[in-house]
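Input: a single structure, listed below in structure tokens.
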Amino acid sequence: MTTIAVIPGDGIGPEVIEPALDVLDALGLGARTDVLDHVNADTYLRTGTALTGADLDRIRSSEAALLGAVGDPRLSDTAYVRGVLTTLRLELDLYVNYRPARLWHDRLSPLRDPARRAIDCVIVRENTEGLYSGIGGGTRTGTPQEIAIDVDLSTRQGVSRVLEFAFSVARRSVCLVDKANAVRNGGQLWQRCWSEAVARHPHVETSHLYVDTAALRLATDPTAFDVIVTNNSYGDILSDLTAALAGGLGVAASANLNPVTGQALFEPVHGSAPDIAGTGTANPFGAILSVALLAEHLGRTEEADAVRRAVAAAVAAGRVTPDLGGSLSTKEVGTVVLTELRRP
Ligand code: NAI
Ligand code: MG
């Protein structure tokens, strides 16, 4: 039987995972859930570790994992949040971070020209290396001569495998985004791997942009992009931009994937949103659309499309949470999506 490991987490995490699990259930995938509801800030405060080796084993032995969000105002993000998210990404070697951005309704776009609004692209973010490698150090701390160094790590294996994945999901084109003119060593490594990947896929249209130009193009004409492949930090930043162009953080879904081992973890792009946690107004679409990505991963394309159609219908009817201009609660939006899903 297919098992889905579920980590609701903190803040709005459990609030958006609840309707997402209802949707998962409604899809009838015949999957069992293994809920790890102790992986949260309270456990960290009590024991000093939120995610144990035993937890990782449970996640490893499931077909896919679904995460709400972790983060708590009582704790520093570096010690706690990174401890959970980075451990999951590195221990499971989830080297692809797949972040689709698609405009579910014209009303959600901030762009003035209707023809330019229709964003429907994917950011493929390298998820294990780059500036977030954790390598570095500091000295003369607290003095006027203080120095801090964070290493921007790129490996040939790490770069080649994420580029290969980007080509595997291209519908029209792949655009490499880097800053090879300024970040020379890593830039040249990415460029060499890119030339090899382009040669392996002669039928895919390709382009290359520096990250500043890519930000400008995304803000003026996002329809120009299909797949954007980039490093960890640029992917982090550009995917917040694409999320904004598609209606905001509340609708952004993501997959953390290892296409070789099949290990996969799905989560909304947003964090635990302590500012709105407990108010019942968190938008569940990011979590629900993450379930669509999960269904797709299990080979259930039709079910994934049904979830997307249900979300699009809820948006079109204005039956949404306050962040999208509506007045419904998290639970009410969950019910709307379930009703749409059950419509014959
Ligand atoms: P955040 O994504 O939690 O919130 C940013 C803003 O967007 C807030 O104003 C929030 O109210 C709003 N927002 C987020 N999700 C929403 C939703 N579903 N519906 C309506 N509004 C929504 O980012 P922030 O505030 O920087 O981080 C809060 C905590 O979450 C921190 O501890 C951070 O480390 C953690 N975090 C965890 C992530 C994860 O678990 N993958 C990702 C990002 C942040
Ligand atoms: Mg981010």
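The values are calculated or read from the model by the stated rules, or taken from the named source; none is laboratory data. Quantities reported herein were computed from a predicted structural model and do not represent experimental measurements. Glycine also receives a Cβ, built like all others from the backbone with ideal geometry; neighbour counts cover every protein chain displayed.
The residues in segment 82-106 that are part of a helix (DSSP H, G or I) and either in contact with a helix residue (DSSP H, G or I) (Cβ under 7 Å, 6 or more places away or on another chain) or in the same structural domain as D236 (by TED's automatic domain parsing) (or both) can be counted, and the count is 2.
Mind checking which residues of segment 241-281 are of a type outside the set (A, V, I, L, M, F, W, C) and farther than 21 Å from R89 by Cα?
Taking segment 241-281 and keeping what is of a type outside the set (A, V, I, L, M, F, W, C), we get 242, 247-248, 250, 254, 256, 258-259, 261-263, 267-268, 270-272, 274-275, 278-281.
Passing the criteria: T242, G247, G248, G250, P274, D275, G278, T279, G280, T281.
Consider L209 carefully, then state whether it is farther than 14 Å from C175 by Cβ and of a type outside the set (S, T, Y). No: the conditions fail for L209. Just one of the listed residues (A79, A115) is more than 30 Å from E332 (Cβ to Cβ), in a loop (DSSP other than H, G, I, E, B) and of a type in the set (G, A, S), and it is A79. The condition of being of a type in the set (A, V, I, L, M, F, W, C) and either within 16 Å of ligand 1 (Cβ to nearest atom) or not in a helix (DSSP H, G or I) (or both) holds for only one of A310, A273, that being A273.
Which residues, taken from segment 250-273, are near ligand 2 (Cβ under 10 Å from one of its atoms) and either assigned by TED's automatic domain parsing to the domain that holds V177 or of a type in the set (G, A, S) (or both)? Once the filter is applied, which keeps residues that are near ligand 2 (Cβ under 10 Å from one of its atoms) and either assigned by TED's automatic domain parsing to the domain that holds V177 or of a type in the set (G, A, S) (or both), segment 250-273 yields A252, S254, G271.
Restricting to segment 189-241, what's the tally of residues that are within 16 Å of ligand 2 (Cβ to nearest atom), under 23 Å from R161 (Cβ atoms) and acidic (D, E)?
Summing the residues that are within 16 Å of ligand 2 (Cβ to nearest atom), under 23 Å from R161 (Cβ atoms) and acidic (D, E) in segment 189-241 gives 1.
The set of residues in segment 1-57 being within 16 Å of ligand 1 (Cβ to nearest atom), of a type in the set (V, I, T) and not in a helix (DSSP H, G or I) consists of V6, I7, V39. Summed over segment 270-308, the residues that are of a type in the set (D, E) and buried (at least 24 other Cβ atoms within 10 Å of the Cβ) give a count of 0.
Listed here are the residues, each with its yes/no results for (1) within 16 Å of ligand 2 (Cβ to nearest atom); (2) out of contact with any Asp or Glu (no Cβ under 9 Å at 6 or more places or on another chain).
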{"site": "T33", "(1), (2)": "no, no"}
{"site": "H38", "(1), (2)": "no, no"}
{"site": "R74", "(1), (2)": "no, yes"}
{"site": "D77", "(1), (2)": "yes, yes"}
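Among the residues of segment 67-104, those identified as touching a Ser or Thr at 6+ places or on another chain (Cβ under 7 Å), within 12 Å of ligand 1 (Cβ to nearest atom) and among the aliphatic types (A, V, I, L, M) are A69, V70. For segment 127-186, the set of residues classified as part of a strand (DSSP E or B) and hydroxyl-bearing (S, T, Y) consists of T139, S173, listed by residue number.
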